[in-house]
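Below is one structure, written out as structure tokens; the observations come after it.
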């Protein structure tokens, strides 16, 4: 399939490369994609079966709903996200077992679908009776996204037919002459544009535009969290910043970008870019995580970024990469690939464990007390686990990881007749019309990225390689010459020959990062970054010290020590005192060595306390 | 009535004075009590009527429940809290109009009550079907507390008969041979002990002890927030710290103290004191506010005290004073009166506005953005308002304020045959067996507290006056002599004569207060306190500066400027930057004067941003 990519705009600065033309080899993302294929997808399949989320469809066929139903009202959607992951995986690797499984699910869903295209295992008896919380259109959105993945990688089948019927039903039901409503949880918007892209049917784009335009018209009720929660407080194009429930806000922004790109609506695109800028400047964690508040899983105010209560839901990180990728394709600007890189290596990579069978739902930057170990074989309430859990009552995060990992090759590079643009660095073979590339790198462990030309057209074309924003002092080697390159895209335009080699040397010295003084919660603290990777302290590495009283000496840069980074530090045994305000009595200060490990690795060695930001000693 | 006090233990170190024997004159609390009588109680009565919470009882009589019911499942309890406020007010001032109103409500409730004593407008059709969230026993708890207030101030009537029947019903239903359950929201425990105290009926004490002992036995379901939410995770006497939902935890602790005192259970009392100590040392805001988290209105981890997301529910402050008062009566230790003072002058005094007709539900220590103004005539969702709102969907806070203000005279002093103990300073006339006192003071504006003997027995007795923990350098004048007194209780034992005068001089110089270094969220910040009052910066006083970039120069102490305190300060115009991590470019630093106003006064001059903790310049 020529369009086997997660996002295929008909316009924009950059053109994606099909995931089938980007083979990841052993490396940071290649390993994670392989683990997704060998573990995560089957793990999720077992759990959706065990949790009864597949049986819900069988119950719909048998007519035993609503009594026989199990799971939350939106469980259909988590199954669809998993199917999307399976579709990409089948498209990428051709795994027959998953293909059969998917076809079987499609047959079941076809039977459960109402004649007019309606399909939902929760609300069949009272359609669209609760647009605020019912999630019916949200479920269709994920159904359609899964079908788009399938259509782009394998082609039409019973499952994609189900999705098309559902999409047609939505257009009939919520079109200009239908119900004047939107879903409490956006995602249908971006899904419909993508379905338009793959089918060419204008009605899907029209419906998506209608949904985006309706949002903010206050058609939804004023719930306890306010209409702000589902972005129905103000029209998308008038909003100043992403706000409300973070995943909802980010999915909606994806849909708005898709609509803007397909309809040439430059005002709408500019509005989303402004919102993205404000969000990144004032409401994003160092890890790329988004959404500060537990209560309503929402963005907080500007600089409300307390690490110990950071919510930073895994799904928000996935949605953020989806948005950054859309903006990158639309504009070609490196800043969007920069944020995607930060989010991928930190907020997303931290979620699954080393086996790909347990996941963080929320991703804190500061774990104050030793968390309990979630049962290996039990589901956890949403976001409750302080450690990775195998499954959640709301399991959007594991299934979101599965679809992102199965399709991650699609986010590595773009290509068009003018040349190839390399955005993310991981060992890969990339095949395009103008050339085939072999990328070799141990990134982010090492900073050397080698790009070899394996096949090329004869005429001149440009290779552009992203130089990350953090990479001050990067160099590019082409043939015998070596030149400094600034953040942005380093370009080499020439007639290439097979065997040509371009080497990007990124400076991988660890660096101290200080937060904006308006982020109250981390005033006087530093964090350690190295390349795109955020580091953290884990109590398992500091057996003698209480992380809560730790401070680090920042005179020198952290020293590599295996995969860790070490630095002189102090901690104290603070006296117990009855009231925590007023002058502290003298404390005993003890010297030690702080061992920083990559944030994405934390929590893999048993219960541990952890912190990303650490007070600086002496205070600056 | 000789026992007209909020808490009347049969044992303990101190004995309360009836509220009828403590007349507050014009002064901090006298004004607030008068405002409660003239405004707040009627305001609340209007709202419970308008919200349909009284009509729910009429609907129960008419048999039109559940269809005709309005309000949340626990709205009965908020009406009962208001009735408790009315009962104290009638007892204190004899207001006939309120007395009639109360009797009318009692008649209505008597008609609505089931023959076996069951009474609840929400669950009549499915008794005790949801102990986790149903709040039936919680509603009885407030019904009983109101009846106790009535019995102690006025005597038996139809309303108190309703409460007694309900209490008997509870004992029958949840006694040793009945349902093995507890309520998801504690309060019945303390209510039943108080009912035992006023009636002498042992079964109420036994039932309270049974409820306290059952708590933590995991009879409640494991909800999304965990059993920790309603303290059913661990038995009360094994808990190390107050935890879970703050109001629930504090009400339960009150009940545990009451049971411990009446049964001579010193282990249980010691356990609660340990929990109180841990809570005060690690989980309490400078204002005395408790409960950090919005999501489940719960205590956070140790030192999780971020000011911008402080929840610090008004009801938790009321419950904290209730607990401190019980511990003071039981032990006679000044630290409990100290915390009560801090909580009263800050976390509680901040809730009502200057007219007593709008209230904060949550009490933040840092308001980052200009809040919207809640409609004067509309109810707000729980805790949603950034400014004081006239009513909430959950209106526990206004009604809790009404009962606390009506009975606040009861918290001022204690007395027994050995003498009189003065705990809180406000202009008042105090009548006891041994003597009558006249207290004159402009506290907390001024630090001089004058106690005059207006009547006295002939034999020697001891006057003890609390010297607050913050009051370093206090002096006591008796006759012509003046001596320094240390925090704790200053005692003067002698034969007194009418006209004798004791003067406590408290040092009212403002002071800088620095937080424990483990409170990450305010590292490098200072707060201003003066006497028992916490101060804050409000943006209405700093028209040129953004409070988010403010820092104060702490070389000198803040200077009195009217009711405010002024100090040199700096603020900056920070450049907009696309990413809030990494070195800040040079900022323009501007000098100004910071004007600190009492925290309890904030938000009375229109929308304003606000902060209690302010970064120190230069950093220490």
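The values are calculated or read from the model by the stated rules, or taken from the named source; none is laboratory data. Worth saying up front: this structure is predicted, and the values here are computed from it rather than measured. FYI the Cβ positions are ideal-geometry reconstructions off the backbone, even for glycines, and counts take in every protein chain you see.
Check residue A:482 against each of (1) in contact with a strand residue (DSSP E or B) (Cβ under 6 Å, 6 or more places away or on another chain); (2) touching a residue at least 24 places away in the same chain (Cβ under 8 Å); (3) away from every other protein chain (no Cβ under 14 Å) and name the one condition it does not meet. Of everything listed in (1) in contact with a strand residue (DSSP E or B) (Cβ under 6 Å, 6 or more places away or on another chain); (2) touching a residue at least 24 places away in the same chain (Cβ under 8 Å); (3) away from every other protein chain (no Cβ under 14 Å), residue A:482 misses just condition (2).
Scanning the range A:286-296 for residues that are crowded, with 24+ Cβ neighbours inside 10 Å and out of contact with any helix residue (DSSP H, G or I) (no Cβ under 6 Å at 6 or more places or on another chain), which turns out nearest to the other protein chains (Cβ to nearest Cβ)? Give the derivation first.
Of the residues in the range A:286-296, the ones crowded, with 24+ Cβ neighbours inside 10 Å are A:286-292.
Then drop every residue that is not out of contact with any helix residue (DSSP H, G or I) (no Cβ under 6 Å at 6 or more places or on another chain), which leaves A:286, A:292.
Working: A:286: 5, A:292: 8 Å.
Step by step, filter the range A:286-296, then rank; the result is A:286.
Residue A:278 meets the conditions (1) farther than 18 Å from residue A:187 by Cβ; (2) not in a helix (DSSP H, G or I) in every case but one. The failed one is (2). Is there a residue being within 20 Å of residue B:352 (Cβ to Cβ), surrounded by fewer than 23 Cβ atoms within 10 Å (Cβ to Cβ) and either under 26 Å from the mean Cα position of the chain (by Cα) or in the same structural domain as residue B:455 (by TED's automatic domain parsing) (or both) anywhere in the range B:71-86? Among the residues of the range B:71-86, not one is within 20 Å of residue B:352 (Cβ to Cβ), surrounded by fewer than 23 Cβ atoms within 10 Å (Cβ to Cβ) and either under 26 Å from the mean Cα position of the chain (by Cα) or in the same structural domain as residue B:455 (by TED's automatic domain parsing) (or both), which makes the answer no.
Yes or no: the range B:517-525 includes at least one residue that is within 14 Å of another protein chain (Cβ to nearest Cβ) and part of a strand (DSSP E or B). Walk me through it before giving the result.
Of all residues in the range B:517-525, those within 14 Å of another protein chain (Cβ to nearest Cβ) come to B:517-525.
Of the ones still in play, those that are also part of a strand (DSSP E or B) are B:525.
Within the range B:517-525, one or more residues are within 14 Å of another protein chain (Cβ to nearest Cβ) and part of a strand (DSSP E or B).
Any chance you could count how many residues in the range B:203-226 are out of contact with any helix residue (DSSP H, G or I) (no Cβ under 7 Å at 6 or more places or on another chain), over 20 Å from residue B:242 (Cβ atoms) and away from chain A (no Cβ under 14 Å)? Explain how you work it out, then say what you get.
We begin by selecting, within the range B:203-226, every residue out of contact with any helix residue (DSSP H, G or I) (no Cβ under 7 Å at 6 or more places or on another chain); these are B:206, B:210, B:213-214, B:217, B:219, B:221-222, B:224-226.
Adding the requirement that they be over 20 Å from residue B:242 (Cβ atoms) leaves B:206, B:210, B:219, B:221-222, B:224.
Checking the rest, the ones that are also away from chain A (no Cβ under 14 Å) come to B:206, B:210, B:219.
Residues meeting the conditions: 3.
All of A:427, A:469 fail the test of being more than 14 Å from every other protein chain (Cβ to nearest Cβ) and farther than 30 Å from residue A:547 by Cα, apart from A:427. Which of the residues spanning the range B:98-113 are in contact with a helix residue (DSSP H, G or I) (Cβ under 9 Å, 6 or more places away or on another chain) and more than 18 Å from residue B:165 (Cα to Cα)? B:98, B:99, B:101, listed by residue number.
Determine, yes or no, whether residue A:168 is surrounded by fewer than 24 Cβ atoms within 10 Å (Cβ to Cβ) and assigned to a helix (DSSP H, G or I). Yes; evaluated as a whole, the condition is true for this residue.
Take the residues in the range B:5-27 that are crowded, with 23+ Cβ neighbours inside 10 Å and in contact with a strand residue (DSSP E or B) (Cβ under 9 Å, 6 or more places away or on another chain), then tell me which one is nearest to residue B:69 (Cα to Cα). Don't jump to the end; show me each part of the working.
Taking the range B:5-27 and keeping what is crowded, with 23+ Cβ neighbours inside 10 Å, we get B:5-7, B:16-17, B:19, B:22, B:24.
Then keep just the ones that are in contact with a strand residue (DSSP E or B) (Cβ under 9 Å, 6 or more places away or on another chain); that gives B:5-7, B:16-17, B:22, B:24.
Working: B:5: 34, B:6: 32, B:7: 34, B:16: 40, B:17: 41, B:22: 41, B:24: 40 Å.
Applying the filter and picking the extreme gives B:6.
Residues in the range A:522-546 that are closer than 23 Å to residue A:580 by Cα and buried (at least 22 other Cβ atoms within 10 Å of the Cβ): 4 in all.
Selection of the range A:171-190 for residues being in a helix (DSSP H, G or I) and surrounded by 24 or more Cβ atoms within 10 Å (Cβ to Cβ) yields A:188, A:189, A:190.
What is the residue count in the range B:485-495 for residues that are outside any strand (DSSP E or B), within 24 Å of residue B:328 (Cβ to Cβ) and away from every other protein chain (no Cβ under 14 Å)? Don't jump to the end; show me each part of the working.
Narrowing the range B:485-495 to residues outside any strand (DSSP E or B): B:486-487, B:495.
Checking the rest, the ones that are also within 24 Å of residue B:328 (Cβ to Cβ) come to B:486-487.
This time we only want the ones that are away from every other protein chain (no Cβ under 14 Å), so: B:486.
Residues that pass the stated criteria total 1.
When A:465, A:430 are checked against the criterion of being in contact with a helix residue (DSSP H, G or I) (Cβ under 9 Å, 6 or more places away or on another chain), part of a strand (DSSP E or B) and within 30 Å of residue A:417 (Cβ to Cβ), A:430 stands alone in meeting it. Among the residues of the range A:212-230 satisfying the criterion of being out of contact with any strand residue (DSSP E or B) (no Cβ under 8 Å at 6 or more places or on another chain) and surrounded by 24 or more Cβ atoms within 10 Å (Cβ to Cβ), which is farthest from residue A:128 (Cα to Cα)? Ranking the candidates gives A:212 first. Is it true that some residue in the range B:533-542 is farther than 30 Å from residue B:426 by Cβ and facing another protein chain (nearest Cβ under 10 Å)? Within the range B:533-542, none of the residues are farther than 30 Å from residue B:426 by Cβ and facing another protein chain (nearest Cβ under 10 Å).
Of the residues A:107, A:101, the single one that is over 28 Å from residue A:361 (Cα atoms) and at pLDDT 95 or above is A:107. Residues of the range A:299-347 that are in contact with a strand residue (DSSP E or B) (Cβ under 6 Å, 6 or more places away or on another chain) and more than 28 Å from residue A:368 (Cα to Cα): A:334, A:337. The conditions of being touching a strand residue (DSSP E or B) at 6+ places or on another chain (Cβ under 7 Å), more than 14 Å from every other protein chain (Cβ to nearest Cβ), farther than 14 Å from residue B:17 by Cβ and surrounded by 21 or more Cβ atoms within 10 Å (Cβ to Cβ) are met by residue B:441.
Counting only residues that are closer than 18 Å to residue B:8 by Cα, within 14 Å of chain A (Cβ to nearest Cβ) and not in a helix (DSSP H, G or I), the range B:297-351 holds 1 of them. Of the strands (runs of 3 or more DSSP E) lying entirely inside the range B:538-592, the ones with 1 or more residues being touching a residue at least 60 places away in the same chain (Cβ under 8 Å) are found at B:551-553. Select, from B:342, B:326, the only residue that is modelled with pLDDT of 95 or more and out of contact with any helix residue (DSSP H, G or I) (no Cβ under 8 Å at 6 or more places or on another chain). Only one candidate passes the filter, namely B:342.
Count of the range A:566-620 residues, restricted to those that are out of contact with any strand residue (DSSP E or B) (no Cβ under 9 Å at 6 or more places or on another chain), exposed (fewer than 15 other Cβ atoms within 10 Å of the Cβ) and away from chain B (no Cβ under 14 Å), is 1. Within the range B:114-144, the set of residues being buried (at least 21 other Cβ atoms within 10 Å of the Cβ) and within 16 Å of residue B:163 (Cβ to Cβ) comprises B:119, B:120, B:121, B:136, B:137, B:138, B:139, B:140, B:141, B:142, B:143, B:144. If only residues of the range B:272-285 that are without any contact (Cβ under 8 Å) to a residue 40 or more places away in the chain, surrounded by fewer than 21 Cβ atoms within 10 Å (Cβ to Cβ) and within 30 Å of residue B:10 (Cβ to Cβ) are counted, the one that is farthest from the other protein chains (Cβ to nearest Cβ) is B:274.
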